[in-house]
Amino acid sequence: MLKVVVYGAAPDDPNTIQPFDAELVIFYESDRLNDKNFRSDANIVVLFHDSVFKSDYITPNLKAVVNRATGQDNIRCMELLENKGIRFFRNSTYATQSVVEYSIEAITRHMSEAYFRSGGKEGRLELANQKVVVVGYGAIGSRVTHFLATMGCSVRVVSSQSPQTLKLPKGAELMSLAEAGKGASILCLHSAL
């Protein structure tokens, strides 16, 4: 029987976790994955919230790591997982729109704080006509780009994707990072570091 171990689950999450013929072990929000609660007998590890998975947690029993997030920056050993044939799954649509909205809010908050801190001498309050660099054109970066372009920004996109596959909105163009950064006032990172 498979053993599925879940780290950092919210109290209502067990209702959404229904493993097939498997033993289920759940650690709740305050019990994110750490050296003390790591279960070396797990076949599948499910990570909620901000649990960090590192190479010390790779065991002969491990078959898969599931990350309930859009990214994978909390997985510190992706290459090692791949080399050992351990599958990695993530929810590429989990909270995407929330992250986009938070990104836009963070940009506008920073702009207004800079403006008022300088007594109105530096910065601007409007997004229109800002030169913005968006690094990463995945689910989040593409939505941020579309929003900023709609608001009248000049958006410079930096992406590893082929230019033929990108569908950039009017007001956005693909550039190298060095080229995009020249004269830009805002930088948004939406890629793995």
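A few notes on this one:
- Selected residue [closer than 30 Å to ILE75 by Cβ and of a type in the set (Asp, Glu)] from GLU113, GLU122, GLU105: GLU105
- Only residues that are open to solvent by 80 Å² or more (accessible area, probe 1.4 Å) and within 24 Å of ALA139 (Cβ to Cβ) were counted across region 84-118, and they come to 10.
- Any pair with Cβ under 8 angstrom, 6 or more apart, that starts in region 22-40 at a residue that is free of Cβ contacts under 8 Å to residues at least 24 places away in the same chain and ends at one that is among the basic types (Lys, Arg): ALA22/LYS3; GLU23/LYS3; VAL25/LYS3; VAL25/ARG39
- Failed item in (1) open to solvent by less than 30 Å² (accessible area, probe 1.4 Å); (2) in contact (Cβ under 8 Å) with a residue 40 or more places away in the chain; (3) in contact with a helix residue (DSSP H, G or I) (Cβ under 9 Å, 6 or more places away or on another chain); (4) over 30 Å from VAL4 (Cα atoms), with ALA180 passing the rest: (3)
- Within region 110-167, the set of residues being closer than 26 Å to ALA69 by Cα and part of a loop (DSSP other than H, G, I, E, B) comprises GLY136, TYR137, GLY138, SER159, SER160, GLN161, SER162, THR165, LEU166, LYS167.
- Restricted to region 42-61, and to residues there that are open to solvent by 60 Å² or more (accessible area, probe 1.4 Å) and either within 18 Å of ARG87 (Cβ to Cβ) or at pLDDT 90 or above (or both), the residue that is nearest to the chain's Cα centre (by Cα) is LYS54.
The values are calculated or read from the model by the stated rules, or taken from the named source; none is laboratory data. In this text, all values refer to a predicted model and were calculated from it rather than measured experimentally. In this analysis, Cβ positions are derived from the backbone assuming ideal geometry, glycine residues included, and neighbour counts consider all displayed protein chains. Accessible surface is based on the protein model in full, side chains and every heavy atom, while ligands, DNA and RNA are left aside. Shrake-Rupley method; radii C 1.70, N 1.55, O 1.52, S 1.80 Å.
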